[in-house]
Amino acid sequence: MLGIHTITCKECGETHSYLNSCRNRHCPNCQSYAREKWIAKESSYMLDCPYFHIVTTIPAELNEIVLYNQKECYEILFKATSESIIQLAKDTKWLGAKVGITSVLHTWGQTLDFHPHIHSIVTGGGISNNKWIEGKKEYLFKVQVLSSLFRGKFLAMLKESELKFPKDKEYLKNTVNFNKFLEQLYKRTWITYIEPPKGKTENVIEYIGRYSFRVAISNERIKDISNGKVTFEYKDYKDNEKIKLMIISAEEFIRRFLMHVLPIRFTKIRHYGLLSNRGKKAIISLCRILIGTRVNSDFSIAIKRKVKEIVCPACGCKSIEYRFSYGSPYRLSH
């Protein structure tokens, strides 16, 4: 509906058509430009310190409730995650400083099942009394402690929320029944994960960008669409990460994909602590001074972007001609 653009090879004469960008954040084709733009901006806030990767997730028993209350529950997920990390980092038993956090919401697993969780990139150090406190390179705090604190905060916030329930769970509208339901979740161990720093600091923003602009499934994973069925590949983590194929009906594929379309205007990338938007530039400048980074005040990490050359898919020639069309030949007739 938004038209097409074509490239014509001046050598072999082959013409290839491509759809114009829809700029929708859930489209697997239209995220490259948004990702590069975001990486260019956020690279100017990177600090010369290690970064930890933390994943917080919730039990599957909550999935149906979250689906019926996406905006409210995603807000709670962000808040419980950030507050838990900041609280533990400020504790002198662990780091004793204010850290910086960039959090990204993901809602899917490899088979497009509903699996809401947060990926957080956390600075391996922070500020306390105008001093930079460097953390241990392989250790931030115990994952079990984070799991318990996150669980408590999430369930406490959930208990205070006004929630909607599906028909098979309407009994949870009763406060006594809802408290009993939550009581079982308090007894469970919630899965959290803390990965120590890997690679160079400048690679962190690339890593975040990859997570930030990923959609539920890419076109490359879809292997066949025929006879009302969709075949796509997935990585089976329970079987040594083997690549396998799954075949489901087109309707089921669409249902699974639509579970991961976020509420309108919902922000899925958020910053906390040292990286929160309020006074961000001034705090980052102070951090760099305290860390002792010997660079100018307009410090920015240079990231070399690999730009693919556009060549003819048929013969590989680089001599091509562009043409744009805004009257789409694919427009549907009623």
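The values are calculated or read from the model by the stated rules, or taken from the named source; none is laboratory data. Predicted model only: the values in this text are computed from it and were never measured. Cβ atoms come from the backbone with ideal geometry, glycine included; neighbour counts cover every protein chain shown.
Between residues in region 1-26 that are on the phi > 0 side of the Ramachandran plot and touching a residue at least 12 places away in the same chain (Cβ under 8 Å) and residues that are exposed (fewer than 14 other Cβ atoms within 10 Å of the Cβ) and assigned to a strand (DSSP E or B), which pairs lie under 9 Å by C-beta distance while being six or more apart or on different chains? Listed pairs, sorted by first residue: GLY3/PHE324; GLY3/SER325.
Candidates SER161, SER147, SER84: the one that is more than 17 Å from ILE194 (Cβ to Cβ), small (Gly, Ala, Ser) and more than 17 Å from the chain's Cα centre (by Cα) is SER161.
Here LEU105 meets each of (1) within 23 Å of LYS200 (Cα to Cα); (2) under 23 Å from the mean Cα position of the chain (by Cα) with one exception, condition (1).
If you scan region 263-296, which residues turn out to be hydroxyl-bearing (Ser, Thr, Tyr) and free of Cβ contacts under 8 Å to residues at least 24 places away in the same chain? Hits for region 263-296 are THR267, SER276, SER285. Residues that are surrounded by 12 or more Cβ atoms within 10 Å (Cβ to Cβ), more than 30 Å from ILE133 (Cα to Cα) and modelled with pLDDT under 75 do occur in region 303-312, at least one of them.
Being over 30 Å from MET259 (Cβ atoms) and in a loop (DSSP other than H, G, I, E, B) is the filter here; which residues of region 4-28 pass it? Across region 4-28, the qualifying residues are LYS10, GLU11, CYS12, GLY13, GLU14.
How many of the residues in region 254-280 are surrounded by 12 or more Cβ atoms within 10 Å (Cβ to Cβ), within 21 Å of ARG210 (Cα to Cα) and among the charged types (D, E, K, R)? Number of matching residues: 2. Taken over region 216-253, residues that are assigned to a helix (DSSP H, G or I), surrounded by 11 or more Cβ atoms within 10 Å (Cβ to Cβ) and modelled with pLDDT of 95 or more amount to 3. Answer yes or no as to whether LYS200 is surrounded by fewer than 15 Cβ atoms within 10 Å (Cβ to Cβ) and either within 25 Å of VAL104 (Cα to Cα) or not assigned by TED's automatic domain parsing to the domain that holds GLU64 (or both). Judged against the criteria, LYS200 is a match. If you take the residues of region 46-57 that are outside any strand (DSSP E or B) and in contact with a Gly (Cβ under 8 Å, 6 or more places away or on another chain), which of them is surrounded by the most Cβ atoms within 10 Å (Cβ to Cβ)? In this case the residue turns out to be LEU47.
Tell me whether region 173-196 contains one or more residues that are touching a strand residue (DSSP E or B) at 6+ places or on another chain (Cβ under 8 Å), over 30 Å from ILE222 (Cα atoms), modelled with pLDDT of 90 or more and aromatic (Phe, Trp, Tyr). Yes: one or more hits.
Applying a threshold of 8 Å to beta carbon distances and a minimum spacing of six or more residues, or different chains, the list of pairs starting in region 236-262 at a residue that is in contact (Cβ under 8 Å) with a residue 60 or more places away in the chain and ending at one that is surrounded by 12 or more Cβ atoms within 10 Å (Cβ to Cβ) and in a helix (DSSP H, G or I) reads MET259/LEU67; LEU262/GLN70; LEU262/TYR74. GLU42 falls short on exactly one of the conditions (1) among the charged types (D, E, K, R); (2) touching a strand residue (DSSP E or B) at 6+ places or on another chain (Cβ under 9 Å); (3) surrounded by fewer than 16 Cβ atoms within 10 Å (Cβ to Cβ), and that condition is (3).
The criterion of at least 2 residues that are buried (at least 19 other Cβ atoms within 10 Å of the Cβ) is met, among strands (runs of 3 or more DSSP E) falling completely within region 58-156, by 100-108, 114-123, 125-128.
Whether a residue is within 30 Å of GLU233 (Cβ to Cβ) and either modelled with pLDDT of 95 or more or not hydrophobic (A, V, I, L, M, F, W, C) (or both) was assessed, and LEU77 passes this test.
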